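Undergrad: Quick one: this structure, given as structure tokens, is what I'll be asking you about.
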Amino acid sequence: MKNFLPFTRPTLDAETISGVVEVLNSGWLASGPQVVSFEEELAKYLGGNRTVRSLNSGTAALETALILCGIGPGDEVIVPAMTFVATANVVVRTGAKPVFVDVELESRNLDLNQLEAAITPRTRAIMPVHLAGLPVDLDSLYQIAERHGLRVIEDAAQAIGSSFAGRKIGSCGDLVCFSFHPNKNMTTIEGGALSVGSNVSVEQLEKLRFHGISRNSEGEMDVSIVGDKLNLSDVAARIGLGQLKRLDEFNAKRRILASRYFELLASDPPGVLPARGDSGHNWHMFTILLPFDQLGLTRVEFQKIMHDKGIGVGVHYPALHLFSLYRAMGYREGQFPNAERIGRETVTLPLFPAMDSSDVDRVCDTLRETLSAGMA
Ligand SMILES: *Cc1c(COP(=O)(O)O)cnc(C)c1O
């Protein structure tokens, strides 16, 4: 459809594309010099003297982080009930149990007031998610973690370029995981990264990423643990280098578009708007909650009408504990009311750097038109 506005779209510039062609012609396609410089540039961007290693997805970064913390069968890990399902799935994959905690309605982030009640003698780690790029209160969170001797694995898949109280997400903290999926604020097509502090063994991380292989000073290979195959390609890393250069510009544009949404929606909100956060929000998504049970139309019908009028609307996300996998572990409806309400009512409106303010106006006009037709 001409003029169709998707809910998100990556921006790849000509310089990046010609850089990729150079890599393709270089004879070195898998992990090599581009990966090394991508990791250096990421570490520089994040600041805080961190070690940063790339992986082939955000999910791989999360799972590797759990293994680096020694988490496995018999352990519990605290996860918000409202996030992308990968956050909890990786816990299950290690053999540990995800213990869900509800989120706040406005921020859609882990409710820190309910966190301590979920801690048991088996709890080993907390996995906060900076949902839509809005940072969790890291001061309070790390205080709780310290008090209980817990590791923290930040799911910062959506939070590249965000900061909390002036500190960039990934510049501090325990283990911080990023994703560079095409829907995120910067992309390597598929890819991710792990930013770790000095308490994490980088040697172990590199072994886990690549077959458990280590090499001595002569270059001879040994294998001491069962590693996985999670390395990023040089082609992907070259895309990441081009994206990283423009990340702050992309995020500034997202902030302007988000302000326009608030300008148009705040005086007569059609539902619950997202928390504004402070200037550290990277505006990965703009999500509003619409009371579909009062609107006379379902979310699927709403999405279809919006789509037919040229506007893409996403759903991020259904509440995790209501998926069959987690119901089979004993989770039930009614346990996490905010996550459940968000899961039923959330819609993601278009927001990406190549949009302009008039696109936001078009989205809001179409939104009001669709909702008033639904009410009629
Ligand atoms: C995208 C995302 C992931 C997974 O990242 P991939 O790169 O797709 O593996 C994990 N958690 C959250 C919150 C995400 O948004």
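Undergrad: At 7 Å along the Cα-to-beta-carbon direction for both residue 229 and residue 12, put a label point, then send me their distance in nm to one decimal.
TA: Between residue 229 and residue 12, the label points sit 2.4 nm apart.
Undergrad: Which trypsin sites (Lys or Arg not before Pro) from region 307-376 combine a DSSP loop assignment with at most 10 other Cβ atoms within 10 Å?
TA: Those that pass, being in a loop and sparsely packed, are 332.
Undergrad: Where only protein heavy atoms count, and the probe is 1.4 Å, what is the accessible area per residue for the chain in Å²? Could the numbers behind the result be given before it?
TA: Details: 15910 Å² over 376 residues.
For the chain, the solvent-accessible area averages 42 Å² per residue.
Undergrad: Moving to a separate point now. Which distance in nm do the two modelled labels at residue 255 and residue 201 give, with both placed 7 Å along the Cα-to-Cβ direction?
TA: Inter-label distance under the simple model: 4.1 nm.
Undergrad: List the lysines whose Cα sits under 27 Å from the Cα of residue 97, skipping any in the same chain fewer than 8 residues away.
TA: By straight Cα distance, residue 97 reaches 207, 229.
Undergrad: Please identify every one of the GluC sites (Glu not before Pro) in region 162-250 that sits in a loop by DSSP and has no more than 11 other beta carbons within 10 Å of its own beta carbon.
TA: Details: sites: 190, 203, 206, 218, 220, 249; in loops: 190, 218, 220.
The qualifying sites are 218, 220.
Undergrad: When the accessible area of the chain is split by element with a 1.4 Å probe, what percent falls to carbon and sulfur?
TA: Working: 8330 of 15910 Å².
So the carbon and sulfur contribution to the accessible surface is 52 percent.
Undergrad: In whole Å, how far is the Cα centre of region 69-106 from that of region 286-322?
TA: 26
Undergrad: Using the Cα centre of the chain as the reference point, and only Cβ charges (+1 on K/R, -1 on D/E), how large is the resulting charge dipole? Debye, rounded to the nearest 20. Provide the component values of the computation, followed by the final result.
TA: Working: 36 positive and 44 negative charges, 72 e Å.
That gives the chain a dipole magnitude of about 340 debye.
Undergrad: Determine which aspartates and glutamates satisfy two conditions relative to residue 245: a Cα distance under 12 Å, and not lying fewer than 8 residues away in the same chain.
TA: Of all the aspartates and glutamates, those that pass the test against residue 245 - Cα under 12 Å, at least 8 places apart if same chain - are 13, 15, 41.
Undergrad: What whole-number distance in Å separates the alpha-carbon centres of region 180-199 and region 1-67?
TA: Cα centres, region 180-199 to region 1-67: 7 Å.
Undergrad: Cα-Cα pairs above 40 Å in the chain: how many percent?
TA: Values: 10661 of 70500 pairs.
Pairs farther apart than 40 Å: 15 percent.
Undergrad: Enumerate by residue number the trypsin sites (Lys or Arg not before Pro) in region 1-84 meeting two conditions: DSSP loop (anything except H, G, I, E, B), and at most 14 other Cβ atoms within 10 Å of the site's Cβ. Please report the intermediate quantities before stating the final value.
TA: Values: sites: 2, 44, 50, 53; in loops: 2, 50.
Passing sites in region 1-84 are 2.
Undergrad: For residue 211 and residue 51, what is the calculated FRET efficiency with R₀ set at 22 Å and r taken between the beta-carbons, to the nearest 0.05?
TA: Values: r = 20 Å, r/R0 = 0.92.
Calculated transfer efficiency: 0.65.
Undergrad: Where in region 354-376 does the amide nitrogen come within less than 16 Å of the point 7 Å from the Cα of residue 301, taken along Cα to Cβ?
TA: 369-376
Undergrad: How long is the gain from residue 24 to residue 137 if the chain were fully straight, where each residue apart is worth 0.36 nm and the alpha carbon distance is subtracted? Each step should come with its number before you reach the end.
TA: On the way: separation 113, 0.36 × 113 = 40.68 nm, distance 4.25 nm.
Net length gain for the segment: 36.4 nm.
Undergrad: With a point put 7 Å past each Cα toward its Cβ, work out how far residue 41 is from residue 356 in nm, to one decimal.
TA: 2.8
The values are calculated or read from the model by the stated rules, or taken from the named source; none is laboratory data. Computed from a predicted structure; not experimentally measured. For neighbour counting, all protein chains shown are included, and Cβ atoms are generated from backbone atoms with ideal geometry for every residue, glycine included. Note: accessible area is taken over every heavy atom of the protein model, side chains too, but ligands, DNA and RNA are not part of it. Shrake-Rupley method; radii C 1.70, N 1.55, O 1.52, S 1.80 Å.
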